[in-house]
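The values are calculated or read from the model by the stated rules, or taken from the named source; none is laboratory data. This is a predicted model, so every value here is computed, not measured. Cβ coordinates were reconstructed from backbone atoms using ideal geometry, including for glycine residues, and neighbour counts include every protein chain displayed. The accessibility values were calculated without ligands, DNA or RNA, using every heavy atom of the protein model including side chains. Shrake-Rupley method; radii C 1.70, N 1.55, O 1.52, S 1.80 Å.
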Amino acid sequence: MLIIAQLILKYCTFAPLKNKFKTMSKNKKKGKGTTSRWILISVLVVLAGVTYFLFFSGMSRTGNETYIQIDEDDNIDSVYAKLQPLSTPQGFWVFKQIAGVMGYAKKIRPGRFVVGSSGSLQTSRHIINGLQAPVKVTIRSVRTIDDLATDVSEKLMFTRAELLSRLKSKEVCKKYGFTPETIPAMFIPNTYDFYWNTSVDKFLDKMSEENKKFWNFERKEKAKQAGFTESEIVTLASIVDEETDNEAEMPKIAGMYINRLHLNMPLQADPTVKFATKNFTAHRIYQKWLTIDNPYNTYKYRGLPPGPIRIPSVAAIDAVLNYVHHDYIYMCAKEDFSGTHNFAKTYEEHQKNAAKYAKALNEHGIN
């Protein structure tokens, strides 16, 4: 309110009011005090209306909530240039006056600030004092770290290249208990609040904290009972997630792969071959791909791959933690293209299932 008083004193003249008081004094002598009081009240009402219009009416030019992003290298002129198209004329005027009174030009704070239905006074104070509007960043179940970096950099101030540089650094990954191969396991799909000018390091710090919250006592115990580390659970979940969109079938698929690991059989997971060859959209796995010398090729190398082949969904992680105990060690996509699988205990039975699926691909002209 002090700011309002300063602006009113600076830009408003009270000469008319002084004259009214003089007039009131004379009118009292003339017996016209009632009329003078009504004139004074009218003046005060008008003054209150103007004050509300200037300081407390919505600041957004369109009436819809929008945002101004102020960078570290912005100066007062560039801030004005960004704000003016977003703001009502009176709101922009108020901001300039308050900025002048507060010496904003000497202490511009970067960030993302809302320009919406809040009054010009409140909006201006938020911008000048650096009180940002949070940004909602959604970590999706994406296939690669590059995809993750693209998503995040579109929401926050740092660049895609800056985030990728950190995620590929052995030292940075080690700080959080991961390697560049296992770092996808740190990211748990969800929506999180950040400030727009959050640094890369602060972003990773929060992701690490959210990961620790996710791995509560119950999940840790299930991983231990299954005989896997948390990163291994996520790695297996990434394969399961690539195998099916059917969440009901995920625990059964997880059980099949765990059976193979216990028998020291190669996982022979087709999604790992797609990852190794970068043929993510392939419907068939060709024989020539199975011999590619790549640590992610589970036809060539036994055990789990070096790290997740995608950021898996929470459903897939929990499916691995709650895997179904059974005797199946083979599976093949169903020939009805339902996204589910035929499971088998013997190789002979599996060959029959594979033949049915190959026939269906041929009939539909799918390469």
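The figures follow:
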quantity: Residue ID - surrounded by the fewest Cβ atoms within 10 Å (Cβ to Cβ), chosen from residues in region 313-367 that are touching a strand residue (DSSP E or B) at 6+ places or on another chain (Cβ under 9 Å) and of a type in the set (S, T, N, Q); calculated: Thr346
quantity: Residues (open to solvent by 20 Å² or more (accessible area, probe 1.4 Å) and either more than 20 Å from Asp327 (Cβ to Cβ) or within 26 Å of the chain's Cα centre (by Cα) (or both)) located in region 242-260; calculated: Glu242, Glu243, Asp245, Asn246, Glu247
quantity: Test: residue in region 207-230 that is in contact with a strand residue (DSSP E or B) (Cβ under 9 Å, 6 or more places away or on another chain) and open to solvent by 60 Å² or more (accessible area, probe 1.4 Å); calculated: no
quantity: Qualifying residue in region 150-159 (condition: at pLDDT below 95, open to solvent by 20 Å² or more (accessible area, probe 1.4 Å) and either of a type in the set (A, V, I, L, M, F, W, C) or more than 16 Å from the chain's Cα centre (by Cα) (or both)); calculated: yes
quantity: Subset tally (residues that are within 19 Å of Val314 (Cα to Cα) and in a loop (DSSP other than H, G, I, E, B)) for region 179-215; calculated: 5
quantity: Filter pass, Glu221 being of a type in the set (Asp, Glu), free of Cβ contacts under 8 Å to residues at least 12 places away in the same chain and part of a helix (DSSP H, G or I); calculated: yes
quantity: Selection count where residues are over 22 Å from Leu263 (Cα atoms) and among the hydroxyl-bearing types (Ser, Thr, Tyr), scope region 282-310; calculated: 1
quantity: Among the candidates Glu162, Glu171, residue that is within 28 Å of Val79 (Cβ to Cβ), assigned to a helix (DSSP H, G or I) and at pLDDT 95 or above; calculated: Glu162
quantity: Residue within region 116-135 that is among the hydroxyl-bearing types (Ser, Thr, Tyr) and under 14 Å from Ile70 (Cβ atoms) present; calculated: yes
quantity: Among (1) part of a loop (DSSP other than H, G, I, E, B); (2) farther than 25 Å from Ser199 by Cβ - the single one Asp73 does not satisfy; calculated: (2)
quantity: Selection status of Asp327, modelled with pLDDT of 95 or more and among the acidic types (Asp, Glu); calculated: yes
quantity: In region 268-291, residue modelled with the highest pLDDT [restricted to those that are touching a helix residue (DSSP H, G or I) at 6+ places or on another chain (Cβ under 6 Å) and over 22 Å from Asp146 (Cα atoms)]; calculated: Ala269
quantity: From the options Ile285, Ile292, residue that is over 31 Å from the mean Cα position of the chain (by Cα) and surrounded by fewer than 14 Cβ atoms within 10 Å (Cβ to Cβ); calculated: Ile292
quantity: Residue check for Phe228: over 28 Å from Phe337 (Cβ atoms) and among the hydrophobic types (A, V, I, L, M, F, W, C); calculated: yes
